[in-house]
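Everything on this sheet refers to the single structure shown next.
The values are calculated or read from the model by the stated rules, or taken from the named source; none is laboratory data. Computed from a predicted structure; not experimentally measured. For neighbour counting, all protein chains shown are included, and Cβ atoms are generated from backbone atoms with ideal geometry for every residue, glycine included. Accessible surface is based on the protein model in full, side chains and every heavy atom, while ligands, DNA and RNA are left aside. Shrake-Rupley method; radii C 1.70, N 1.55, O 1.52, S 1.80 Å.
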Amino acid sequence: MRRRTLLMGAGVASVAAVAGVRMRASGGTPLVLPSAPPGDERVERRVSAARGREVDFYTAVPEGYGDGRGLPVCLVLHGGSKRPADFAGVGLGRFLTDAVRRGSTPFVLAGATGDRLAWQPDGDDDPQRMVREEVPAWCAERGFDADRLAAWGWSMGGYGALLLAETFPGFVRSVAAFSPAVAPGDAVFNGVARLAGTPVGLWCGRDDDLYPHVRDLHEVLPGGPAAGGYRDGRHDFGYWGTEVPAAFGFVATTLS
């Protein structure tokens, strides 16, 4: 399988010594990154048969854990405005190292390009099958423990992560969803009963247009959310960045 790898850790680590690095997220909200350095952080090109095209495949290992061999995996399902090539820029590798340094069980992040299909099949293009079948296989090739999986996504990716867990009960050990793009009557709401037994974390800013729908989902989620919360925040990484530590901590407990 042809692939091209871009190693990202060294370049990002050059600014990692600056505590509380502030970036400008979409909408002008400051994104504050942890001072922890990323570990082995890569973007590779992979051929996805499920999507019928090449995609970017992102992985991040917490600093101090080498190539991540043997570590469990949190699948990353992106939203509409970010792609795997952007993940290092919003500090995912640094947030991961920071979570482990705070005591979380170490795990790997892995995600591929799903474009704007809401992680659902569209004719012969099936990003959900890519996440279900191909991404775990690519992770296993790298030596990660692809039998211990969780899923995390934001916006459209939050919807996709929830839908993935509903469509394949037991496939992931937990789901963390930031501001999932859900609405009553959609596929996630219609299949919510199939989330019984899967711990779900829901986070959403009160200033987000999706907030009422996320609270509606909260009310019908079997057993209620296992983690999450609602506070002032918009639909951007300025807000989501403040919730990543809690989400990663939650995911880690289910992967240990």
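Only helices enter this figure: runs of n ≥ 4 DSSP H residues, each worth -39500 (n - 2.57), summed and divided by the residues of the chain, yield -7500 deg cm²/dmol at 222 nm to the nearest 500. Annotation: for a label point projected 7 angstrom from Cα along Cα→Cβ of F171, residues of segment 197-224 with backbone N closer than 16 Å are 198-199.
Inter-part distance, segment 199-256 to segment 92-123, computed on C-alpha centroids, equals 15 Å. The peptide list 69-75, 215-221, 128-134, 171-177, put in order of mean Cβ contacts within 10 Å with the highest first, becomes 171-177, 69-75, 128-134, 215-221.
Packing here is the average count of other Cβ atoms within 10 Å per residue, and on that basis the peptides 99-105, 160-166, highest first, run 160-166, 99-105.
Taking Cβ atoms as reference points and 15 Å as the exclusive limit, the residues near G64 contribute a net charge of -1, counting Lys and Arg as +1 and Asp and Glu as -1. Using a simple spin-label model with pseudo-atoms 7 Å out from Cα toward Cβ, D67 and V32 lie 3.8 nm apart. Solvent-accessible area per residue in the chain equals 39 Å², computed with a 1.4 angstrom probe and all protein chains kept. Run the paramagnetic zone check for A49: 7 angstrom along Cα to Cβ, then residues of segment 131-172 with backbone nitrogen under 19 Å. Correct set: 131-142. Projecting the alpha carbon convex hull of segment 112-230 along each direction and taking the average yields 7.3 nm². For the chain, averaging the sequence separation of C-alpha pairs within contact (under 8 Å, six or more residues apart) and dividing by the residue count gives a relative contact order of 18 percent. Using only alpha-carbon positions in segment 46-170, the gyration tensor eigenvalues give semi-axes of 23, 15, 14 Å once each is multiplied by 5 and square-rooted (largest first). Once the chain from R102 to D216 is taken as fully extended at 0.36 nm per residue, the excess over their C-alpha distance is 37.8 nm. Going toward the positive end of the dipole of segment 130-256, with +1 on Lys and Arg Cβ and -1 on Asp and Glu Cβ, which of S155, T253, G224 do you reach last? Highest projection toward the positive end goes to T253. Computed over the chain, the alpha-carbon pair-distance distribution with 5 angstrom bins reads 1, 7, 14, 20, 21, 18, 12, 6, 1, 0, each value a whole percent. Can you check what the net charge comes to around G52, using other residues whose Cβ is under 13 Å from the Cβ of G52 (Lys, Arg +1; Asp, Glu -1)? Charge balance in the 13 Å sphere: -3. Counting only protein heavy atoms and a probe of 1.4 Å, the accessible surface of the chain is 49% carbon and sulfur. Over all other residues within a Cβ to Cβ distance under 12 Å of V188, the charged ones net out to -2, with Lys and Arg as +1 and Asp and Glu as -1.
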